[in-house]
Amino acid sequence: MTDVIIIGAGVVGCAVARELSKYDAEVIVLERINDVACGASKANSGIVHAGFDAIPGTKKAYYNVLGAKMYAQLYEELDIPYRKNGAFVLNFSKEGNAKLEELYAQGVANGVEGNMIISGDEVRAMEPSVSPEVVSALYVPSSAIVGPYEATLAFAENACVNGVKFEFSTKVVAVEKKGETFVVKTDKGDFESKVVINCAGVYSDEINNTVSEKKETIVARKGEYCLLDKSYGNLTDKTLFQLPTKMGKGVLVSPTVHGNIIVGPTADDVDDKDYVDTTYSGLNTALRLATQSVPSLPRRGVITQFSGLRSHNVTGDFVIGEREDVKGFYNALGVESPGLTSAPAIGLDLATQIAEKLGLEKKTNFISKREGIKHFATMTDEERAEAIKKNPLYGKVVCRCEVVTEAEIIDSITRPLGARDLDGVKRRTRAGMGRCQSGFCSPKIMEVIAKHTGTDILAVTKKGKGSEILVGKIKE
């Protein structure tokens with residue numbers, strides 16, 4: 001028996017776990033994949049939305065604005081890549097001015113400060129690459145960008161250091177109420193708890209529907225993205241949105257916190273909740289729409305592409321809180337965009353509710369600070385010399401594109417909730433995220449993983465069981 005079970009180790013689940021780790025409670029996070037941030041949390045735009053496009057009075061609006069404010073402090077406390085770069089919502093016609101006014105009014109109603117409507121010429125004075133067809137824009141100076149998987153990892157690592165347990169490769173199949181407690185059934189056996197929090201992303205409706213009479217429906221909305229090489233990182237400093245549609249915020253062109261340019265996402269509802277294949281039509285659509293904002297956007301600059309699934313609730317809003325018909329069962333359901341932005345606020349709210357319900361006391365020894373991996377690429381020459389002096393493995397560059405050293409890769413494996421596969425190392429260090437997309441560094445990274453996890457190199461995977469890279473040895 002434990003106090004709280006959290007289902008799902010995405011950014012919301014990990015944010016909840018981190019907030020609950022401030023209390024004296026036994027908390028377990030169950031995750032069906034072998035690492036944190038393996039769903040929507042690793043495949044999204046990385047935007048900290050200001051809150052102008054959420055309908056006033058909705059849960060989306062409330063958690064968005066509060067979460068955006070929390071990131072401004074959390075990024076320092078948890079060592080998360082974050083930058084307040086500002087954003088434009090671009091309008092290409094006189095008819096669109098009314099929609100800009102509507103978005104501006106929504107921002108005011110939601111408490112977003114500093115927004116203003118400006119002319120196309122004023123936009124181009126700040127961003128010369130923006131299309132001459134832009135006639136006006138909503139300028140949102142408080143919009144920011146963040147590393148989405150780095151944020152998830154930061155929440156998770158800090159929660160782990162403060163006592164939260166994580167069970168990976170553990171798929172929840174049902175939740176049952178048993179008197180005053182719950183039995184969470186998984187493919188690895190049963191877990192019992194006093195409280196269950198459902199943060200299962202696209203599967204959150206299925207988890208809810210096993211225990212609650214109030215049924216929910218989540219549609220997996222696939223968004224495809226392209227990522228451009230860092231050499232094109234000066235195309236825009238601001239995040240460039242287009243006027244939103246009923247399918248979402250539309251295709252954006254934005255810098256990332258690491259200096260790339262990201263393009264996307266598309267929006268296509270799919271039946272398969274694991275279908276994240278990219279398609280010619282989807283990627284072509286993303287690039288075609290992106291060139292409306294930035295005509296000089298170079299297709300030859302694309303170094304990789306990916307897709308993610310948003311958890312679209314058919315009602316259009318988040319479902320957050322305790323189920324009336326199942327006391328002790330809490331949902332964080334339908335958390336699509338602005339889910340990344342809202343995660344810290346959702347985590348704080350749910351943890352506060354649950355602490356009150358269970359009568360939990362705050363810890364006196366909570367560790368609030370977390371230090372991330374020290375990245376050789378961002379060090380000064382003096383810092384590099386000092387790092388190599390302390391640890392000579394900082395002098396061994398493994399990933400040349402991103403300038404990632406062996407010391408960083410070892411740190412990514414040996415730190416709390418360390419990486420166990422190539423993608424885990426990539427998300428923590430960026431090794432393999434550069435121009436060659438791991439063409440040169442994979443063999444060495446595999447050797448380091450095998451050595452520091454005690455794994456046979458033949459068993460090292462790209463992203464968990466079933467993605468083994470080597471098939472055998474030709475000689476000993």
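The values are calculated or read from the model by the stated rules, or taken from the named source; none is laboratory data. Note that the structure is a prediction, hence the values are computed from the model and not measured. Cβ sites come from the backbone with ideal geometry, for glycine too, and all protein chains shown count toward neighbours. Surface accessibility is based on the protein's heavy atoms, side chains included, excluding ligands, DNA and RNA. Shrake-Rupley method; radii C 1.70, N 1.55, O 1.52, S 1.80 Å.
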Q) Which is the longest run of the chain containing none of the trypsin sites (Lys or Arg not before Pro) found in DSSP loop states (not H, G, I, E, B) with at most 11 other C-beta atoms within 10 Å? A) 1-214
Q) Of all the accessible heavy-atom surface of segment 104-210, with the other protein chains kept in place and a 1.4 Å probe, what percent is carbon and sulfur? A) 51 percent
Q) So which of 188/465; 60/94; 178/327 end up more than 18 Å apart, counting from Cα to Cα? A) 60/94
Q. Counting only complete DSSP H runs, which helices of the chain cover 24 Å or more along their long axis at the Cα atoms and score a mean Kyte-Doolittle of -0.5 or above?
A. 339-358
Q. Carbon-plus-sulfur fraction of the accessible area of segment 213-355, 1.4 Å probe, in percent?
A. 50 percent
Q) If each of residue 121 and residue 187 carries a label point 7 Å out from its Cα toward its Cβ, how far apart are those two points in nm? A) 6.2 nm
Q | Additional length obtainable on full extension of the chain from residue 284 to residue 176, 0.36 nm per residue less Cα span | A | 34.4 nm
**Q.** Anchor residue 165: aspartates and glutamates whose Cα lies under 15 Å away (excluding residues fewer than 8 positions away in-chain)
**A.** 3, 19, 24, 26, 31, 35, 157, 192
Q. Counting each DSSP H run of 4 or more residues in the chain as -39500 (n - 2.57), what helix-only mean residue ellipticity at 222 nm follows after dividing by all residues, to the nearest 500 deg cm²/dmol?
A. -9500 deg cm²/dmol
Q | Potential lengthening between residue 300 and residue 93 on full extension [0.36 nm per residue; Cα-Cα distance subtracted] | A | 71.6 nm
Q) So what's the gap between the Cα centers of segment 394-431 and segment 47-96, to the nearest angstrom? A) 30 Å
Q.
Could you tell me the relative contact order of the chain? Use alpha-carbon pairs under 8 Å, at least six residues apart, and round to a whole percent.
A. 19 percent
Q: Using a 1.4 angstrom probe, figure out how much accessible area the chain has per residue, in square angstrom, rounded to the nearest whole.
A: 43 Å²
Q: Please work out the C-alpha center-to-center distance from segment 277-312 to segment 228-267 and express it in whole Å.
A: 9 Å
**Q.** Length-normalised contact order for segment 3-155 - Cα pairs under 8 Å, 6+ apart - percent
**A.** 31 percent
